[in-house]
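Read-outs throughout are calculated quantities, based only on the coordinates presented, and are distinct from any laboratory measurement. Being a predicted model, the structure only gives us computed values, none of them experimental. Here the Cβ positions follow ideal geometry from the backbone for every residue, glycine too, while neighbour counts run over all protein chains shown.
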There are 2 protein chains.
Amino acid sequence: MKPINFAVIGYGGMGSYHVHTIMLQDQERIQVIGTYDISEGRQTVSAEKGHKLYPSYEAALGDEQVEAVLIATPNDVHKELAIQALQAGKHVICEKPVTLTTEEFDEILAVAQETNCVFMVHQNRRWDPDFLIIRELCKNQQIGDIFQIESRVQGANGIPGDWRHLKAHGGGMVLDWGVHLFDQLLFLIDQPIKKISADLSYILGDEVDDGFSCWITFENGLRAVIEVGTTNYTKLPRWYVKGTEGTAKIEDWDLSGELIAASKSEIFSTPQPIQAGVGLTKTMAPPSEDATVKLPFPNSEAEYVSFYCNFYEVVRHQADPIVKNCEVRKVMELIDIILMAKPEIVNEKELQIV
Amino acid sequence: MKPINFAVIGYGGMGSYHVHTIMLQDQERIQVIGTYDISEGRQTVSAEKGHKLYPSYEAALGDEQVEAVLIATPNDVHKELAIQALQAGKHVICEKPVTLTTEEFDEILAVAQETNCVFMVHQNRRWDPDFLIIRELCKNQQIGDIFQIESRVQGANGIPGDWRHLKAHGGGMVLDWGVHLFDQLLFLIDQPIKKISADLSYILGDEVDDGFSCWITFENGLRAVIEVGTTNYTKLPRWYVKGTEGTAKIEDWDLSGELIAASKSEIFSTPQPIQAGVGLTKTMAPPSEDATVKLPFPNSEAEYVSFYCNFYEVVRHQADPIVKNCEVRKVMELIDIILMAKPEIVNEKELQIV
């Protein structure tokens, strides 16, 4: 097994995290042989870790030992750096969001095709255990047919860092966590989108969205709610998923939560009315004990190999990429539509992403 | 203090609950002197409780001792019974939803005005402690300006009872729990509605909605989400409310939940990135401990008197009703719009309810 030699471009939060993860898990297949960052501070950090420093991007691309580059820079320069690398004959892994628009992404794809180099986007959250539980539920019918998926991440720290506040650099939450949640959703649901509405929030007064709510209806009727918030001092569950025979709630990345299904017993006691506020309710009373059953969450292991393992197989043995560029492109199309919305109104468009 | 003599019309779940509550709390002001129900079974139950039974609605209205009637029948006959009672010179308390449409309600209001009788709708959930906590938060600024209110009730028992499944009787969840949640919201937010969208659910295959999601934007920008579900085997919090300086979450009618506000301290540590799934996140990491503060929920007592006490004051001393007919009418206008939606599409209308 001959590892792929990598140069890591952008040694910030994500770049250094990639290097760390690769060195822990994927050294057999991936070898980081140098880094490049425009910041002197980050160069120093990288040097201290023992990495070779390239004096310029051109120097990294000029290094014949380098077979591939990993781009983990601010979002707005992904396109330019990716095209330059592809033209230098390097394979490319690019951080999300791949670009700021579908149009930019298409420019990259054209060059990748011309140069016959691999271009793959690092949509790592397809391997998140919480997501994999929901994915398994969509397949195994434990709670029947899934007809509603609510996927939320909510924090109270505002928009982090520096360039993430700026529109020119591709800041904002749609292009940050939004990309992950949309990628997961479209990977999960193999259906054309029938309808989409979005509502961006600008609570913090930034020029970019500090969160958003998005409602998607698929051709088969399945509804999804995607929400990202950065001014949420307490939060709603990470996942709330309704099936015809049960409901799943995953509170957090620690996989706390519950999976409750209708029991298969034919006869069960009717629920007793409960006092709710100053009134009674039978409708909203807990179901009687024999009417439901609490199930363990299904397995949260991916049946596909790790991202880097797959990248290796794609480069060395023409395997199918797990993160396909056509999938990434669907997410970018969706984001194009959402970012066209004015902050104060709900944007609603009929669209057909197939 | 001379109590108001009542006849209770419809001795089902709500009718009998009213009688029970009145006898516990309001005997000084309200005296139930008889009941009428078309069902023999319910007549028997009422007789067993020691109530006088009227042989017909006309008999109840013909009883000169009766000053007021309480209407707690299926929704579709509220209008006809109310008008008949008002024309007989009786004051009326009517269960919610007051009618099936605004138009029907206007017919009642016209007769109430002609006959100079009091007509009041029993919107009892304005006295719910969970609601009163949220109401207090909207006033006391503990979490700054409120800009998002999410109000949900979710159960797993389907639509209860018999007539509630039928369109002709005014069944469905918009006209059931929906009325409560819309009434609370509009009582809370004294602003014109700018925009409303709704999505009704028909999971159970009934001819009426078994739940719905509704998104409302008010003139001042405040957003509200109102959701009712009857196929939710596990549920989302009853209230989720965002302010500029904090967030409130009330899980259930037991008032569990939390109120977290930004701390006033000028300097606090930046949050540390956390492992979330297979990635790191600083944005969604819990805020550092000195950045937020957990507060107790505010007082959940109404500053207004009880429903029956108010009704007594309205009838005897021309007090202002707490549940005003103009408020009830706004809710009916909203419901008119929601029920015009086709089940499979989101209905969105510009409207001005002032």
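Details
- Approximating the spin labels as points 7 Å out from Cα along Cα→Cβ, the residue B:56-to-residue B:318 distance works out to 3.7 nm.
- 0 to 90° range, to nearest 10: angle between helix B:307-317 axis and chain B longest Cα axis: 50
- Histogrammed with a bin width of 5 Å, the alpha carbon distances of the range B:57-104 distribute as 5, 24, 34, 21, 11, 4, 1 percent, first bin at zero.
- Computing Rg and the Kirkwood Rh from the Cα coordinates of chain B gives a ratio, Rg/Rh, of 1.02.
- Here residue B:116 and residue B:140 are evaluated by their C-beta separation; at R0 = 45 Å the FRET efficiency comes out at 0.70.
- Nearest 10 degrees, 0 to 90: helix A:325-339 Cα axis against chain A principal axis: 70
- Percentage of interatomic Cα-Cα distances in the protein assembly as shown larger than 39 Å: 42
- Computed [θ] at 222 nm, helices only, for the protein assembly as shown once each DSSP H run of length n ≥ 4 contributes -39500 (n - 2.57): -8500 deg cm²/dmol
- Inter-copy label distances at residue B:24, using a point 7 Å along Cα-to-Cβ, come to 5.6 nm with the shortest given first.
- For chain A, the antiparallel share of DSSP beta bridges with both residues in that region comes to about 60%.
- For chain B, the longest principal axis of the C-alpha atoms and the axis of helix B:129-140 are separated by about 60°.
- Distance histogram in 5 Å bins (all Cα pairs of the range B:1-88, percent per bin): 3, 15, 28, 27, 19, 8, 1, 0
- Short to long, the 5 Å bins of the Cα pair-distance histogram for the range A:72-223 hold 2, 8, 15, 17, 18, 16, 13, 8, 3, 0, 0 percent of all pairs.
- Flagged links, alpha-carbon separation over 18 Å, of A:167/B:242; A:282/B:235; A:194/A:330; A:249/B:195; A:2/A:90; B:79/B:167: A:167/B:242; A:249/B:195
- Working from Cα pairs under 8 Å separated by at least six residues, relative contact order for the range A:126-303 is 27 percent.
- Here the 3J(HN,Hα) profile of the range A:28-44, calculated from phi with Karplus coefficients 6.51, -1.76 and 1.60 at θ = phi - 60°, is 4, 9, 10, 10, 7, 9, x, 9, 9, 9, 6, 8, 4, x, 6, 4, 4 Hz, Gly and Pro shown as x.
- The Cβ shell under 11 Å around residue A:208 holds other residues with a net charge of -3, Lys and Arg each +1, Asp and Glu each -1.
- Counting from the shortest, the label point at residue A:62, 7 Å from Cα toward Cβ, is 10.9 nm from the same position in each remaining copy.
- The range A:63-123 and the range B:106-142 have Cα centres lying 60 Å from one another.
- Debye-sum result for the range A:126-303 in log10 I(q)/I(0), which assumes one identical scatterer on each alpha carbon, at q = 0.19 Å⁻¹: -1.25
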